[in-house]
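I have placed the structure first, in the form of structure tokens, so that the comments after it can refer back to it.
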Amino acid sequence: MKQRTLIIIKPDGVNRGLIDEIIKRYEAVGLKVVKRKDMMAPMNIIEKHYPMDPDYLCLIGEKTIAAGQKVKSAEDQGRKVVTWLRKFITSGPIVTLVLEGENGVEVARKVTGFTDPASAEKGTIRGDLGTDNILDANREKRPVWNLIHASGSPEEAKKEISLWFGGIN
């Protein structure tokens, strides 16, 4: 089934000059760029994209726990990470993409690789091009520099595409 998904090339990917390489990797697996915006991320969109919702915060905080760091609570850790993410993603230019293809969300996630570049498989974007890890990021009180945001589910993709591109699903 053809699906659309949202990809955001974050400031670290843009600053390292990886835009074309990242897009090439998605296109190599049959995904097509159907919309693109090069921009500075507005805070009003970022606050919706990275919400302070308790369930979302716990999900984010659990990635820290899975990486091997002890925290007071997953929700508190998630709140810290989301605050760092919001500051980081508004710190420089980003590229937002809508990709389309067969099982677009799943294929894009597979090509992107695991959130923590240190644990991402070789052959994925984060596994090959990533240079950071969750534990260093937390120790330095910043988000992990993992190059990309990729929608996690078809439902999330629809919501995020609407948020960033005004409902062009």
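Just a few scattered comments:
- Single residue of A157, A120 found to be closer than 20 Å to N15 by Cβ and in contact with a helix residue (DSSP H, G or I) (Cβ under 8 Å, 6 or more places away or on another chain): A120
- Selection count, the stretch 7-21, where residues are surrounded by 21 or more Cβ atoms within 10 Å (Cβ to Cβ) and either in contact with a Lys or Arg (Cβ under 9 Å, 6 or more places away or on another chain) or more than 12 Å from A108 (Cα to Cα) (or both): 4
- Of the residues making up the stretch 119-169, those that are more than 16 Å from the chain's Cα centre (by Cα), assigned to a loop (DSSP other than H, G, I, E, B) and within 15 Å of K35 (Cβ to Cβ) are G166, G167, I168, N169.
- Residue check, K35 farther than 15 Å from L163 by Cα and either basic (K, R) or surrounded by fewer than 13 Cβ atoms within 10 Å (Cβ to Cβ) (or both): no
- The residues of the stretch 71-118 that are under 13 Å from the mean Cα position of the chain (by Cα), farther than 25 Å from G166 by Cα and among the charged types (D, E, K, R), listed by number, are K110, D116.
- In the stretch 92-118, of all residues being in contact with a Leu (Cβ under 7 Å, 6 or more places away or on another chain) and not in a strand (DSSP E or B), the one that is farthest from L18 (Cα to Cα) corresponds to G104.
- When residues of the stretch 68-102 are limited to those that are touching a residue at least 40 places away in the same chain (Cβ under 8 Å) and aliphatic (A, V, I, L, M), the one surrounded by the most Cβ atoms within 10 Å (Cβ to Cβ): L99
- Boolean, G30 is on the phi > 0 side of the Ramachandran plot and loosely packed, with under 13 Cβ neighbours inside 10 Å: no
- Residue identified as assigned to a helix (DSSP H, G or I), exposed (fewer than 13 other Cβ atoms within 10 Å of the Cβ) and basic (K, R) among K24, K63: K24
- Filtering the stretch 115-143 to residues that are under 27 Å from R4 (Cα atoms), surrounded by fewer than 18 Cβ atoms within 10 Å (Cβ to Cβ) and at pLDDT 95 or above leaves E121, K122, G123, G127, D128.
- Meets criteria (modelled with pLDDT of 95 or more and in contact with a Leu (Cβ under 6 Å, 6 or more places away or on another chain)) for R36: yes
The values are calculated or read from the model by the stated rules, or taken from the named source; none is laboratory data. Remember, predicted model here, so these are calculated numbers, not experimental data. We place every Cβ from the backbone using ideal geometry, glycine too, and count neighbours over all the protein chains shown.
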